[in-house]
């Protein structure tokens with residue numbers, strides 16, 4: 001048996017040269033045209049069942065900021081790079097995939113968060129294409145359920161040109177998010193340079209304010225879908241439990257950003273967490289629950305299709321990605 | 001903050017009743033028709049780059065035999081169930097996804113193994129659909145590279161009705177596989193009930209025997225693609241290294257079957273390994289190399305898209321799935 005020394009193998013192979021690959025069919029077969037490179041990824045949707053419910057993870061692409069101190073609060077770029085390298089991840093960028101969940105309960109089609117509407121970065125502008133690839137018409141959506149008011153979650157409520165993207169949907173938002181971001185006093189008290197989310201919330205919601213349903217935590221906001229208070233990332237950041245039959249899952253949304261950093265190191269604070277300490281408490285509480293219940297968990301910024309199981313490991317946790325299933 | 005007791009939440013929520021989900025838009029919006037359940041998974045293809053090469057993992061579906069003693073040689077169904085449960089996998093079936101690799105080198109389109117041609121089980125018959133979804137025309141394939149002569153690897157050389165599926169491709173096979181399965185003496189010495197692979201190899205190869213290229217281990221069989229002897233599963237079972245620029249990967253093909261069982265427990269023998277002890281040696285040697293080189297590894301029966309990184313863990317290994325990347 002040949003020793004598995006790659007360098008040796010390749011050295012041997014290159015000596016053999018291209019002639020080795022010319023087979024007996026070459027003379028008689030048509031001239032071989034190179035197949036073009038595709039350069040394009042497969043459509044970013046993936047389906048699974050929770051009880052009778054059909055869940056579709058729908059990807060909006062990925063944001064990949066350079067790994068830089070400004071992203072982090074209480075750990076260094078070197079700390080991040082070590083953890084990422086240990087998990088075979090690139091160490092030059094923080095990879096932030098963006099994946100929303102569509103829940104078909106049979107009676108309602110519920111979209112949890114909406115992506116960026118292409119208003120963020122060029123690599124994150126594929127939500128509507130992937131929605132269509134998954135076979136959904138935006139007019140079919142009955143409920144748009146919002147976790148919090150960051151632009152990568154609410155911008156998709158409108159198309160890029162400002163129309164309502166889901167014209168037949170009831171828009172439901174956490175009352176605590178509305179109370180914070182739509183409060184003119186809180187906006188005035190915020191330095192003008194930091195008012196982006198206040199302004200963007202008004203852009204998205206002002207003209208439909210009377211038709212937006214505000215919900216509290218701990219409520220069944222759609223059939224089998226329950227809101228779970230998860231503050232820290234923002235004041236009203238909300239996770240959701242989804243239950244059907246004897247199966248349940250939870251989306252913890254932005255309770256972690258990049259899984260390789262913040263699932264593994266739950267004490268680490270990303271700069272987007274408004275109240276870093278509270279975000280850590282929420283993150284650990286949700287991940288503890290996920291580990292205890294052995295339930296399927298989704299994270300908005302986890303690798304697509306953003307579904308896995310949480311185990312405790314050392315001083316943090318591990319995301320064990322769910323296996324892709326070709327059949328539902 | 002609401003306590004994360006799911007039972008409490010759901011009890012509270014059910015008391016609130018369905019009325020809670022009727023929002024202010026309900027009266028004025030059109031009657032809500034339920035969106036139909038899709039019931040269908042996304043197309044099973046996934047792309048990534050190795051240097052200048054574009055790799056496309058193409059899924060043929062999945063085989064899910066009941067977990068039964070006949071599948072295993074030196075461990076029990078209870079052992080298997082414990083390992084599977086620890087990894088959040090179903091414990092009633094052995095899940096065996098089937099995923100081939102297409103390698104576009106720029107000058108050659110090389111397909112490594114070909115799937116079942118729909119001749120195996122109903123849940124594994126989607127290779128050609130996924131090939132088309134990935135944008136490939138079977139006529140574009142320049143080389144079909146075979147790892148070994150089991151039906152789920154060679155049947156796709158022909159369509160279900162027996163035509164050559166890749167009419168312009170050179171078919172390349174391990175010389176040691178050909179020497180074993182096409183040898184009439186070895187076939188005669190095998191009990192008739194156990195001649196399935198001998199007969200099937202003749203069905204696939206006999207009419208094209210003069211046009212099949214046989215290669216040895218340790219050769220560059222296509223540009224940047226090197227054969228690696230990996231016997232045990234079958235006498236000539238072959239892994240492949242794929243190198244372009246400064247990047248390399250390896251497909252270990254059937255050196256493990258189900259990753260949750262045989263990556264974690266490399267000493268365990270699946271009944272499909274003809275020489276179980278040799279298969280264990282090969283498995284450990286390939287996984288050791290993968291762990292040492294920190295290279296991307298594919299397995300034909302790993303969860304789609306069948307790509308990850310190997311780490312040593314306890315007395316076995318762990319498959320760390322590569323993160324799905326929406327952009328290439």
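Within region A:46-63, identify whether any single residue is at pLDDT 95 or above and in a loop (DSSP other than H, G, I, E, B), and answer yes or no. Checked against the condition, which is being at pLDDT 95 or above and in a loop (DSSP other than H, G, I, E, B), region A:46-63 yields at least one hit.
Could you please give the count of residues in region B:100-124 that are assigned to a loop (DSSP other than H, G, I, E, B) and in contact with a strand residue (DSSP E or B) (Cβ under 8 Å, 6 or more places away or on another chain)?
Qualifying residue count for the region: 12.
Screening B:109, B:131, B:145 for residues that are at negative phi, surrounded by 19 or more Cβ atoms within 10 Å (Cβ to Cβ), within 14 Å of chain A (Cβ to nearest Cβ) and touching a helix residue (DSSP H, G or I) at 6+ places or on another chain (Cβ under 6 Å) leaves exactly one candidate, B:109. Tell me whether region B:197-216 contains one or more residues that are at the interface with chain A (Cβ under 9 Å from one of its Cβ atoms), buried (at least 20 other Cβ atoms within 10 Å of the Cβ), under 28 Å from residue B:269 (Cα atoms) and in contact with a helix residue (DSSP H, G or I) (Cβ under 7 Å, 6 or more places away or on another chain). Yes.
Count of region B:242-268 residues, restricted to those that are crowded, with 24+ Cβ neighbours inside 10 Å and within 17 Å of residue B:102 (Cβ to Cβ), is 5.
Residue A:232: surrounded by 15 or more Cβ atoms within 10 Å (Cβ to Cβ) and on the phi > 0 side of the Ramachandran plot, yes or no? Taking the combined requirement at face value, the residue satisfies it.
Residues in region B:74-93 that are out of contact with any strand residue (DSSP E or B) (no Cβ under 8 Å at 6 or more places or on another chain) and within 11 Å of chain A (Cβ to nearest Cβ): B:84, B:85, B:86, B:89, B:90. At least 2 residues being under 16 Å from the mean Cα position of the chain (by Cα), within 12 Å of chain A (Cβ to nearest Cβ) and free of Cβ contacts under 8 Å to residues at least 60 places away in the same chain is the threshold, and among the strands (runs of 3 or more DSSP E) wholly inside region B:221-328 those reaching it are B:307-313, B:316-321. Within region A:33-71, the only residue that satisfies the criterion of being under 19 Å from residue A:90 (Cβ atoms), free of Cβ contacts under 8 Å to residues at least 12 places away in the same chain and surrounded by 19 or more Cβ atoms within 10 Å (Cβ to Cβ) is A:41.
The values are calculated or read from the model by the stated rules, or taken from the named source; none is laboratory data. Please read all numbers here as calculations on a predicted model, not as lab measurements. Backbone-built Cβ (ideal geometry, glycine too); neighbour counts: all protein chains shown.
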